[in-house]
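Okay, so here's the structure we're looking at.
The values are calculated or read from the model by the stated rules, or taken from the named source; none is laboratory data. All values reported here derive from a predicted model rather than from experimental measurement. Positions of Cβ are generated from backbone atoms using ideal geometry, with glycine treated the same way; all protein chains shown enter the neighbour counts.
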Amino acid sequence: MGSLFAKSLQRHFKWWLLALWPGQHPGAPLGLRRMLFLLLGYPLFLSLQFIHWLGFICDELFFSAYRKIQVNDPVFVLGIPRSGTTFLHRTLAADHEQFTSLSTWEAVLAPSIIERKLIAALSAADRTV
């Protein structure tokens, strides 16, 4: 896992340096707005990625049994837009006995088990106040 983290960090840093190189992207010239985004927004993005990797490491330490879970007959919901795929996905996700699903906030903000549990605990604490 450490090598994946190092490779990911190396690629992100390389892409960031290439994005800062003037004249590299004719469709997106290096103006003040782009420079501010690259110098301020991108480090925030990398810090979020670091938090995710830290969560993955904690998952390996505290929830290593997730690797032993068997996934039998997975169902993938694919289709063109406006064809009912969202309705089908939500219908399947409502059946907690047979299916499991990932919501958008989980995919973006909490891809690791420990992050989901932490956010759920913070949410529960917020509801009590």
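Structure summary
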read-out: Set Gly84, Gly23: member being more than 30 Å from Ser123 (Cβ to Cβ), modelled with pLDDT of 90 or more, more than 23 Å from the chain's Cα centre (by Cα) and not aromatic (Phe, Trp, Tyr); value: Gly84
read-out: Some residue of segment 20-32 being among the aromatic types (Phe, Trp, Tyr) and farther than 30 Å from Ala93 by Cβ; value: yes
read-out: Breaking point among (1) surrounded by 11 or more Cβ atoms within 10 Å (Cβ to Cβ); (2) among the polar types (S, T, N, Q); (3) part of a helix (DSSP H, G or I), for Ser3; value: (1)
read-out: Inter-residue pairs, beta-carbon under 9 Å, first touching a residue at least 60 places away in the same chain (Cβ under 8 Å) and in segment 71-87, second in a loop (DSSP other than H, G, I, E, B) and loosely packed, with under 10 Cβ neighbours inside 10 Å, 6+ apart; value: none
read-out: Residue in segment 33-51 that is under 18 Å from Ala107 (Cβ atoms), touching a Phe, Trp or Tyr at 6+ places or on another chain (Cβ under 8 Å) and not aliphatic (A, V, I, L, M) present; value: no
